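The block underneath contains the structure these notes are about, expressed in structure tokens.
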Amino acid sequence: SQKSTLPDLFSFREEMLWKEHEKRKALCVSSRITDHASRTKIGIPYIFFFHDYLPFWSTLLWELGFEVIVSSKTNKQIVNLGVENVISEACFPVKVAHGHIKWLKDAGVDAIFIPSFININQNGDEYNRGLSCPYVQTIPYVSRAAIKDMKTITPVIDLGLGAGYLKKELKRSLSEYGVREGDIERAIRIAQSAQDEFQSAIKEKGREILEKVKGQGSRVIVIIGRAYNAFDSGVNLEIPKKLSHIDVISIPMDMLPLDNERLKNTWPNMYWRSGQRILRAARIVRNTPNLYAIYIGNFSCGPDSFILKYFKEEVKGKPFLHIEIDEHSADAGAITRCEAFLDSIE
């Protein structure tokens, strides 16, 4: 099939997400200053909120003197590892998460960094609670039960409790590695600036694309969902690539100006962080003439079963496509549904 000339915004997002880590990895391998064989190797599984915050966490650990190994991008091998290692029936992202964690254990890292992400919203956010799904909160403990004999580092991340709490948790979970408080403070500062750089790069790109297509009247599909299922090419059936082959441009929802939207008056109790972002994206889609949504979800996702009702309410008047994916989903079915959806927009 011929190569699309449309910009691949998902590859761009992923490249920006990994940029700082790749730079430091290259330095670590080439530097003669540190003997990197003597560094403690800490693994970060490429799962859940690392699809949003990899620059922050990877930079933080590099700055604290560790060698950071991020698990490979999601592929068939990782999905199979996950399906084999999960103990009870769970949604697809949880199976994938088990695969990434097992991959790191097999790669022989000294410890695996799996925080329990509880609340991702900081003070000053429109909602002071931005909770992650219970599976995301409990993955460090559940995966430890499933995958034996692995060493994990598990700080509890509740950004609503402020910077002091974050420092205390990092110090607690890293104390055996001789990490000092002053080091943590400095590392957080540098990590935050790597994270800000990622954010501004993708927002800038989003602005540029929306500006470009505004006058042309061409349809733009916004891919909506949690970053770890909607933007991970090993999980989303490569729907963005498939769309580009039929000359339709698609954009990850976090390239939209989500932070400009205020939802609290309409949805005062939306306490899921992903839900807050999904509904903000829905509102932008509704209010922007040439934007249409494909919502990527997963079978047996509890939070999404609620969020979807509100999502329909937010985009009312515009058709959208909802695709649910698991390890059995087939490519052919997805592209057929996308084509049917595009016809229905006409």
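Once region 176-192 is narrowed to residues that are without any contact (Cβ under 8 Å) to a residue 60 or more places away in the chain and open to solvent by less than 70 Å² (accessible area, probe 1.4 Å), the residue that is nearest to Thr40 (Cα to Cα) is Gly178.
Would you confirm, using the coordinates I've provided, whether Ile251 is more than 24 Å from Val83 (Cβ to Cβ), under 17 Å from the mean Cα position of the chain (by Cα) and touching a residue at least 40 places away in the same chain (Cβ under 8 Å)?
yes
With a requirement of 2 or more residues that are open to solvent by less than 10 Å² (accessible area, probe 1.4 Å) and either more than 25 Å from Gln122 (Cβ to Cβ) or touching a His at 6+ places or on another chain (Cβ under 7 Å) (or both), the helices (runs of 4 or more DSSP H) lying completely within region 230-315 that satisfy it span 239-245.
For the subset of region 171-227 comprising residues that are under 29 Å from Ile157 (Cα atoms) and assigned to a loop (DSSP other than H, G, I, E, B), which member is nearest to the chain's Cα centre (by Cα)? Residue satisfying both the conditions and the ranking: Arg226. Residues that are open to solvent by less than 70 Å² (accessible area, probe 1.4 Å) and either in contact with a Pro (Cβ under 9 Å, 6 or more places away or on another chain) or under 26 Å from Arg286 (Cβ atoms) (or both) within region 325-338 comprise Ile325, Ala334, Ile335, Cys338, listed in sequence order. Pull up region 72-94, narrow it to residues that are within 14 Å of the chain's Cα centre (by Cα) and of a type outside the set (D, E, K, R), then point me to the one that is farthest from Gly297 (Cα to Cα). Of everything passing the filter in region 72-94, Thr74 is farthest from Gly297 (Cα to Cα).
Quick one: which residue in Glu211, Glu204 is out of contact with any strand residue (DSSP E or B) (no Cβ under 6 Å at 6 or more places or on another chain), open to solvent by 10 Å² or more (accessible area, probe 1.4 Å) and at pLDDT 95 or above?
Just one listed residue meets the conditions, Glu204.
Residue by residue through region 146-165, note down the ones that are more than 20 Å from Ser300 (Cβ to Cβ) and out of contact with any strand residue (DSSP E or B) (no Cβ under 7 Å at 6 or more places or on another chain).
Within region 146-165, Ile147, Lys148, Asp149, Pro155, Leu161, Gly162, Ala163, Gly164 meet the criteria.
Among residues of region 95-122 being over 26 Å from Asn236 (Cα atoms) and more than 19 Å from the chain's Cα centre (by Cα), the one that is least open to solvent (accessible area, probe 1.4 Å) is Ala111. Among the residues making up region 56-84, those that are among the polar types (S, T, N, Q) and surrounded by 18 or more Cβ atoms within 10 Å (Cβ to Cβ) are Ser58, Thr59, Ser71, Thr74.
Can we say Asp125 is open to solvent by 20 Å² or more (accessible area, probe 1.4 Å) and either closer than 30 Å to Ser38 by Cα or β-branched (Val, Ile, Thr) (or both)? For Asp125, the condition - open to solvent by 20 Å² or more (accessible area, probe 1.4 Å) and either closer than 30 Å to Ser38 by Cα or β-branched (Val, Ile, Thr) (or both) - is not met.
A Cβ distance below 7 Å, combined with a sequence gap of six or more or placement on separate chains, defines the contacts here; from region 151-174, residues that are surrounded by 16 or more Cβ atoms within 10 Å (Cβ to Cβ) reach residues that are small (Gly, Ala, Ser) in the pairs Thr152/Ala111; Ile153/Ala111; Ile153/Ser173; Thr154/Ser116; Thr154/Ser173; Pro155/Ser173; Val156/Ser116; Ile157/Ser116.
The values are calculated or read from the model by the stated rules, or taken from the named source; none is laboratory data. Remember, it's a predicted structure, so these values are computed and weren't measured experimentally. Here the Cβ is made from the backbone with ideal geometry for all residues, glycine too, and neighbour counts use every protein chain on show. Remember, those area values only see protein heavy atoms, side chains included, never the ligands or the DNA or RNA. Shrake-Rupley method; radii C 1.70, N 1.55, O 1.52, S 1.80 Å.
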